[in-house]
There are 2 protein chains.
Amino acid sequence: MTRAPGTDHRTLPRRRGAALNSAIFAAVRAEIAESGYAGLTMERVAERARASKASLYRRWPGRAALVLDAAYDAMPDYSSTPDTGSLRGDVLALMRQIVLLLDGVVGEAMIGLLGESLQNPDAAAQIREFGRGNMVRTMREIVGRAVARGECDAGLVTERRLEAGPALLRQRVIFSGLPVSDDYLQEVVDDVVLPLFGVRPEVQPEG
Amino acid sequence: MTRAPGTDHRTLPRRRGAALNSAIFAAVRAEIAESGYAGLTMERVAERARASKASLYRRWPGRAALVLDAAYDAMPDYSSTPDTGSLRGDVLALMRQIVLLLDGVVGEAMIGLLGESLQNPDAAAQIREFGRGNMVRTMREIVGRAVARGECDAGLVTERRLEAGPALLRQRVIFSGLPVSDDYLQEVVDDVVLPLFGVRPEVQPEG
DNA sequence: CCTCATAGAAAACGTTGAGTTCTCTAATGC
DNA sequence: GCATTAGAGAACTCAACGTTTTCTATGAGG
């Protein structure tokens, strides 16, 4: 805030390139954690990162692109799908991973960006790639394993069925805004996902 | 724009109450049709409606509330569920109704508002009510009729199953941003909705 | 080690739109 | 007819965007 008197800012050490990038990303995430996506401004990011707005705009055309990169930067690799040995266990594990991700700063950023893309069709294309497909792709692997195990019939696997679970989860997050309970996930799996793939929801000792 | 010289604006006729409201709503919809939700500003709405910003702010606290009311004002009553005699026909009819709605100005407004609610959790609650539940409520009626006809078993009707079709449709609209094809709707119905309610998708001559 | 092009920090600026406040007056209720 | 309410238009403040300018640290080439 108040700088020591006599210090000329232009004589301070300066970061460049990757180091500066990281500092900016960290500032973005801190701002989101503190004020949410709506409260994030370029000016405050710059101030927090002790960077100049000019530096921000040299790198990114606007807020959405900046947040997008900052989110990618902090994105864990959730394409790792634990093989629990049953379709039920696998789907639950995947959904829990995603709920966990959405419950943090990255999730807040993703949801804010989705909002952005809904209001501004221009910026939409790039944003929508983010986080799409991933979940369905993983579902495809998981169900593929179930087919290989003989747990379900290959003829039942269609694009819409693979999307059903993810769609219910996303809808819950988007429309309720509340954290998703584990009960909800189990209902989705037992009432929808397993029936769609012809798997009887045999009672299991928690996946 | 340029008014006839000599006309004093304060001597023009004035609208009040409902008449003014309608004019404002019409202006909101015209602006959305012209510039989309993102391009809508209070100033242009006021100008277009030949109203003052003060009048807008006396009625609504902000842009979101205004658009919300304008959308409600133009909202058709899609709770009327045509009874086509089959679950497949009923669900398809409902989905087609909704796709049609979303493809117009009201849809644009709804999507923009959803975007708003994702960025600004404060304004979210009221906005999220809008358009939620309606579709699931109608699904409940439709499936109820199918149960009454003996077309499907009452034991299969759960909340998550009722939500599955709507969730897939919403996800499509939200994440692709493109108009939803009728083929997609049929896939949703035949691959997901009917199987979930234990109805065999007997080939039908178009619902 | 010196020189120079690059890129960064800070600050100032122009612009836009939000939301408020003011004045004057038409509409409306009594 | 008279008083009250509410609207039109304009001026205003404020916040944030995005740009431009000035000065200088950084890092590369010679």
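Just so you know, all these numbers are worked out from the coordinates, no wet-lab data involved. What you see is a predicted model; the values in this text were computed from it and never measured. Here the Cβ is made from the backbone with ideal geometry for all residues, glycine too, and neighbour counts use every protein chain on show.
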Roughly what angle does helix B:159-176 make with the longest principal axis of chain B, taking Cα atoms, 0 to 90 degrees, to the nearest 10?
-> 50
How large is ³J(HN,Hα), in whole Hz, for each residue of segment A:99-110 in order, when computed from phi with the Karplus curve 6.51 cos²θ - 1.76 cosθ + 1.60 and θ = phi - 60°, using x for Gly and Pro?
-> 4, 4, 4, 5, 7, x, 5, 4, x, 4, 5, 4
When each copy gets a label point 7 Å from Cα toward the beta-carbon at B:Glu141, what are the spacings between them in nm, shortest first?
-> 4.4
Table column - 3J(HN,Hα) (Hz), segment B:65-72, Karplus curve with 6.51, -1.76, 1.60, x for Gly and Pro | 5, 5, 5, 4, 5, 5, 6, 3
Which residue fluctuates the most in chain A, going by a Gaussian network model with Cα springs under 10 Å, if the choices are A:Gly17, A:Gly144, A:Gly165?
-> A:Gly17
Could you give the alpha-carbon Rg of the protein assembly as shown over 2.2 N^0.38 Å, rounded to two decimals?
-> 1.16
What residue among B:Asn21, B:Asn134, B:Asn120 has the largest mean-square fluctuation in a Gaussian network model of chain B, using Cα springs under 10 Å?
-> B:Asn120
Among A:Ala167, A:Ala65, A:Ala18, determine the one that fluctuates most according to a GNM of chain A built with springs between C-alpha atoms less than 10 Å apart.
-> A:Ala18
Could you compute the FRET efficiency for A:Ala19 and A:Glu129, with r as their C-beta to C-beta distance and R0 at 25 Å, rounded to 0.05?
-> 0.35
